[in-house]
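Here the structure is laid out as structure tokens; the discussion comes afterwards.
Please treat every number below as a calculation from the coordinates, not as lab data. Not measured: the values here are computed from a predicted model. With ideal geometry, Cβ positions are generated from the backbone for all residues, glycine too; neighbour counts draw on all protein chains shown.
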Amino acid sequence: MQIKVAKSAGFCFGVQRAVDTVYEQIEKGVRPIYTYGPIIHNEVVVQDLEKKGVKVLNSQQELEALEEGTVIIRSHGVGRSIYEILQRKNLQCVDATCPFVRKIHKIVKKESLLGKQIVIIGNDKHPEVEGIKGWCYTKAHVLETTEQAEKFELLESVPLCVVSQTTFNYKKFKDLVEIIDKKRYDRIVVNTICNATEERQIEARRIAGEVDAMIVIGGSHSSNTQKLFEICRKECRNTYYIQTVDDLDLEVLRSTGLIGITAGASTPKKIIEEVQKGCLN
């Protein structure tokens, strides 16, 4: 059995920065510590932080109920209303928003204040998209599928600004923009897909096309890992989505010649190494 591991697998810059930020606050002895939402979409990391006393705030209502503490904004970012609550309640805020996500916030704020309607290519329920919507001063429209893009209709005189969730499938983004283009809107398009995401997807597609089986590692709620799985599945029928080495089905893999491994941006290096060793044992 041979194994090919994607060089781009694992933590991206924004996720590494966010996770490091939480551990730094723990080491400083800051108490109590909260993250607004799970710091990353990886259950193993979140559970480790919980053991160290870090609590997760799952809603605006839970944030409103706080009387003290340090709140860490995760890499996905949040809307401006969350910052307003933090300021009003005089809570300590440590902002770990990914710089690439913050860039989108600035774009939609500027363009919506100029009167443009915002179109976000992405998953409407994803926390990053929810945060982006929170910086729009005009209506934000979220499109994720070809069907949604085909049905999307506004007056041609309405100017648009099109952006993307940083972890969206690049090919799919281009396809949806092409559909919008045919509707002849006055629009500007800003490709805000993170370079690391694009590189990860390209590498995953290439490796999946070369191997007999493909393993994609990531949290069950990780949007970018789910997209990696979709991409790999198209290239390699024997593609498996796992969270940890415990999910490996070694019986299925034993007769496999060449195995490819990639992982989402929220997957720690340690888990990737454990899966790699698990395949070899």
Item checked: Anchor Lys174: aspartates and glutamates whose Cα lies under 20 Å away (excluding residues fewer than 8 positions away in-chain) -> Asp124, Glu128, Glu144, Glu147, Glu150, Glu153, Asp186, Glu198, Glu199, Glu203, Glu230, Glu235
Notebook entry, point to check: What are the radius of gyration and Dmax of the stretch 140-211, computed over its Cα atoms and given in Å?
Noted result: 14.2, 50
Checklist line | Gain upon complete extension [Thr256, Asp175; 0.36 nm per residue less C-alpha separation] | finding: 25.7 nm
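So for the stretch 13-98, averaging the separation of alpha carbon pairs under 8 Å that are six or more residues apart and normalising by length, what relative contact order in percent results? Let's see the in-between values first.
Details: 121 pairs, mean separation 30.0, N = 86.
Once normalised by length, the contact order is 35 percent.
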Note to self: What value in Å³ per residue do you get for the convex hull of the alpha-carbon atoms in the stretch 13-98?
What the structure shows: 82 Å³
Notebook entry, point to check: Is the shape of the stretch 100-193 best called rounded, prolate or oblate, per the rule: a/c under 1.5 gives rounded, else a/b larger than b/c gives prolate, else oblate, with a ≥ b ≥ c the square roots of the Cα gyration tensor eigenvalues?
Noted result: oblate
Check: When the chain is treated as a GNM, springs tying every alpha-carbon pair under 10 Å, which of His141, His41, His76 comes out with the largest mean-square fluctuation?
Finding: His141
Notebook entry, point to check: In whole percent, what relative contact order does the chain give with Cα contacts below 8 Å and a gap of six or more residues?
Noted result: 22 percent
Item checked: Sequence-distant residues sharing a close amide H with Val189 (under 5 Å, placed H) -> Val162
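So what is the calculated 222 nm ellipticity per residue for the chain, using -39500 (n - 2.57) for each DSSP H run with n of 4 or more, over all residues, to the nearest 500 deg cm²/dmol? Before the final figure, lay out the partial values.
Working: 12 runs with 121 residues, N = 281.
Value at 222 nm, helices only: -12500 deg cm²/dmol.
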Next item on the list: Please name which of Thr21, Val94, Ile104 has its Cα lying farthest along the dipole of the chain towards the positive end, using unit charges on Cβ (Lys, Arg +1; Asp, Glu -1) and the Cα centre as origin.
Entry: Ile104
Note to self: Binning at 5 angstrom from zero up to the longest distance, how are the C-alpha pair distances of the chain distributed in percent?
What the structure shows: 1, 6, 12, 15, 16, 14, 13, 11, 7, 4, 2, 0, 0
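So if each residue of separation counts as 0.36 nm, and I subtract the Cα-Cα distance between Asn195 and Arg88, what length gain in nm does that give?
Working: separation 107, 0.36 × 107 = 38.52 nm, distance 3.60 nm.
Gain on extension, Asn195 to Arg88, equals 34.9 nm.
With only Lys, Arg, Asp and Glu charged, each at its Cβ (+1 for the first two, -1 for the last two), find how big the charge dipole of the stretch 100-193 is about the Cα centre; round to the nearest 20 debye. Could the numbers behind the result be given before it?
Values: 17 positive and 13 negative charges, 79 e Å.
That gives the stretch 100-193 a dipole magnitude of about 380 debye.
Please tell me which of these pairs span more than 26 angstrom C-alpha to C-alpha: Lys28/Lys133; Lys4/Lys55; Lys55/Lys106; Lys28/Lys89?
Values: Lys28/Lys133 34 Å; Lys4/Lys55 37 Å; Lys55/Lys106 29 Å; Lys28/Lys89 23 Å.
Table pairs above 26 Å Cα-Cα are Lys28/Lys133; Lys4/Lys55; Lys55/Lys106.
To the nearest 20 debye, what is the magnitude of the charge dipole of the chain about its Cα centre, counting +1 on the Cβ of each Lys and Arg and -1 on the Cβ of each Asp and Glu? Write down the numbers at each step before the final one.
Working: 40 positive and 38 negative charges, 147 e Å.
Roughly 700 debye for the chain.
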Item checked: For the stretch 220-262: rounded, prolate or oblate by the Cα gyration tensor [a/c cutoff 1.5] -> oblate
Item checked: Residues listed by number, the stretch 188-226, amide nitrogen under 16 Å from Lys103 label point at 7 Å toward C-beta -> 189-200
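How high is the relative contact order of the stretch 100-193, in percent, counting Cα pairs under 8 Å that sit 6 or more residues apart?
Details: 149 pairs, mean separation 30.1, N = 94.
Relative contact order for the stretch 100-193 comes out at 32 percent.
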Item checked: Net lengthening on full extension, Thr146/Asp95 (0.36 nm per residue, minus Cα-Cα) -> 14.9 nm
